[in-house]
Structures are given as C-alpha cells and as structure tokens.
Amino acid sequence: MTDNRNPINYKNYILLLILFLTETARGAFFLTFLPLYTVEGLGMGVTVAGFAVSAHYLLETLCKSIAGLQFDRRGRPVILAGMTLGFLALAAIRFHPTPFVIVACSGLLGLGVSPLWPGIITEVAPVNISDRSFRIGMVFSTWLAGTGFGMVGINFLMYLGYEVSFNIIIFSLFTALFTALLFLRPARREARTPEKDFAGGILKTMRQMSQNPAVIKFLLPGMFLQTLAAGLLLPVLPVFARARLGLNHDEYGLLLSAGGAATVLLLIPMGKIADKIGLKAVLGAGFLITAASIGMISLVGNKGNVYYLVILTGMAYAAVLPAWNSLLAKAIPPESQATGWGVFATVEGLGVAVGPALGGMAGRWLGIDITILITTGLLTGMSVFYLFYPVERLFGTCGDKNMWK
C-alpha cells in the first residue's frame, strides 16, 4: 500500500461544508417538510409527497454512475452544474407547487445532487491515501450530521409557517451553491481522450473493477446484503416502537436521534482505529455487535434499555461504515474514482430499494419479530464470514491485502 498521508487542506473542508449544507436542505425538505407541506399547506394527498421522495432518491441513485463518470472527466464543474440545477428545481417547487412540478423537480433535484457524493469522496478520501478510513469517516459524519440536523432542526422552525420554513431550506441550498461557486475553482485534471459514450465509459470502469475477484465474489454481494438488511427494518421499526414499546412520536424521534448521534460522534475515531488495526476485526466485530443489539431490541420491554441498545447499534454502525467503504476503495481504479464510487452507490441503492418492500411483506405475513430475526441472521452471517473466511486471498492482486488483517 502506498504510504501517502497528504494533509487535509482547506478545500477539503469547503467540500465537506458544501455536503453538510446540501444534506441539511435535503434532510429538512424530503424527510420532514414535504409530507406536511403537501397535505397541510397545499391540501394535496400524501401520495404526492411519496412520489416526490421516490423520484428524488431513485433518480439520484440511477444517475450516480454517470455523474461519477462525468466528474472523472470534467472535475468540479460537474458539481457546480448539478448544484445549480438542484437549486433551480427546489426554487420551482417553492414558486409553482403543483403536483407535477413537485414530483418532476424533486427528481431533477436528485439528478442535480448525484455528482456530489462520488465527487466529494473522491476529492476528500482518494483511494490511494493511507488514512482513507479516517477520511471516509469524516465524509460520512458530515453527511449524517447534515441529514439529521435538517430533519430534526426544521421541526423547531415550522411554527414560523410553511413559507418561511421553505425559504430557510432554499437558503441552505443556496448557501451551499454560493460556497461552491466562490471557493471551488476547477482543479487541473489529467488530459483524456474525450468519450461521448457514457455507458461505454461506465462499462470500462466496471470491467477494470471486476478483474479483482473480490468485487464479484465478495464486495457486490456484501454491499447488497448490508443495505437489504437495513432496508428490511425501515417499514417495521416505527410499528414496533409504537405497538410493542409504547413510544410516541417524540420518543421515537429521540430514539433515532440517540442512535444517529452515536454514529456521527464515533465515525472519525472508528475510521482511525480501522486504519491502525485493519479491517477484518473491525468489520467482523461491528456487524456482530449490530446483529446482537438489533436482536436484543426485539426481546426487551423496557424503554430505557432500548435507548442503550440503539446507542450500541449506532456505535457499531460507526465502526462498519468507514471500514467497509475503505475496503471498497481497494477495488476502484485510481483514474476513475468517482465512476467507481457511483457504481457502488448504485448497487447499494438497489438494496435500499428492495429491502423496504420485502420488509413490509415479511412484517405483514411473518410478523415483526420474524422480520427483525431475518435481519439479525443476515448481519450475523456477514460477521462470521468476515471474521473467518480468508478474504485476504481475494485481495492478493491489489497489493493492499495487509490492511485486511
């Protein structure tokens, strides 16, 4: 592994600030504001909000590979163009909130932010850096902090009215765009032969990645199963919290905030630990603790104990996130980093898309306890696999297998 410890510069922090402000706006708008605004503020059905949220995240997921490819070719101007499109789409919803405009422009906002994740993680945590787990932890903590701050914080501003709250959300996204325009000068990038075939460029990167046997045998199945396991819980957790634990909406929000805060606070320290002791132990222990804490949540009846278990789950997730993404970085070609991250993000998105549908069906036909047990079993199986399977053999061709130990 190349020992390259370039210090984090101010442009990296600017990129993280842009990510934070953008995720604050998205978290506030799609996770809290929009469902209330469409029903109570506009008198529309909740279906409009549902289609808008789906259009946003679906288009973002489907476009991440192409957006990453364009970032590899053209650099930071792709982020600037995407953020400009996103800002205009959100402004269109503000000034012309018809059902069609809300759904269509929510999708355009997803398209606009699609280069942000692959571009920022490429700039802040390049694959050839030795402390990449630490840097990936910084990116994830910024992303989660922004999403959580927006989702929770907008609740305290709703008393000002929907129009004022919407203006605050737009101002957050405008600040992100203004910061990008002010500080992000186009970086010099190596000259390349122009390629007009977007799909061909993505397939080329995928062929390069697939030459490493770890990608097909280990990384892609692991990515899908992880997000599938998390997705299974999404439709059943609110029902479980209400029916079995007796939590009201405020208590459930506090419960999620406690787990999220534990994750955000520990992402960077856990990234440092993964850089020092290797990924095998961190991933194995992280998934095992996550499985155990989720399984125990279904058994306890005391509200106080549930908070401890959720915090423990957040701590374990903080260990898994930077370690896993550092592992993914090993399989990404250095010359096509954003494209590689985009491809991986698309696969993860498929798990997120399939998981809630299967979780809803499992919860209805098999019961909530069985659904939680299925998630626990998946995570336990992954932990055992990471701890005991000689995965380092699959990474023998990438020259970095020592980091797995």
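The single condition from (1) in contact with a Lys or Arg (Cβ under 8 Å, 6 or more places away or on another chain); (2) surrounded by 23 or more Cβ atoms within 10 Å (Cβ to Cβ) that V124 fails is (2).
Name the residue that is farthest from T38 (Cα to Cα), counting only residues in region 71-110 that are of a type in the set (S, T, N, Q) and in contact (Cβ under 8 Å) with a residue 60 or more places away in the chain. My answer is T84. Evaluate the following for G342: is it free of Cβ contacts under 8 Å to residues at least 12 places away in the same chain, of a type outside the set (A, V, I, L, M, F, W, C) and either in a helix (DSSP H, G or I) or assigned by TED's automatic domain parsing to the domain that holds T263 (or both)? The answer is no for G342. Looking across region 337-384, the residues that are among the polar types (S, T, N, Q), closer than 28 Å to G68 by Cβ and in contact with a Gly (Cβ under 9 Å, 6 or more places away or on another chain) come down to Q337, T339.
Only one entry in I202, I168 is surrounded by 12 or more Cβ atoms within 10 Å (Cβ to Cβ), more than 30 Å from K276 (Cα to Cα) and modelled with pLDDT of 85 or more, namely I168. When P334 is tested against (1) modelled with pLDDT of 75 or more; (2) more than 17 Å from the chain's Cα centre (by Cα), only condition (1) is not met.
For region 1-46, taking the residues that are part of a helix (DSSP H, G or I) and at pLDDT below 80, the one that is surrounded by the most Cβ atoms within 10 Å (Cβ to Cβ) is identified as T32.
The values are calculated or read from the model by the stated rules, or taken from the named source; none is laboratory data. What you see is a predicted model; the values in this text were computed from it and never measured. Neighbour counts are summed over all protein chains in view; Cβ atoms, including those assigned to glycine, are modelled from backbone coordinates with ideal geometry.
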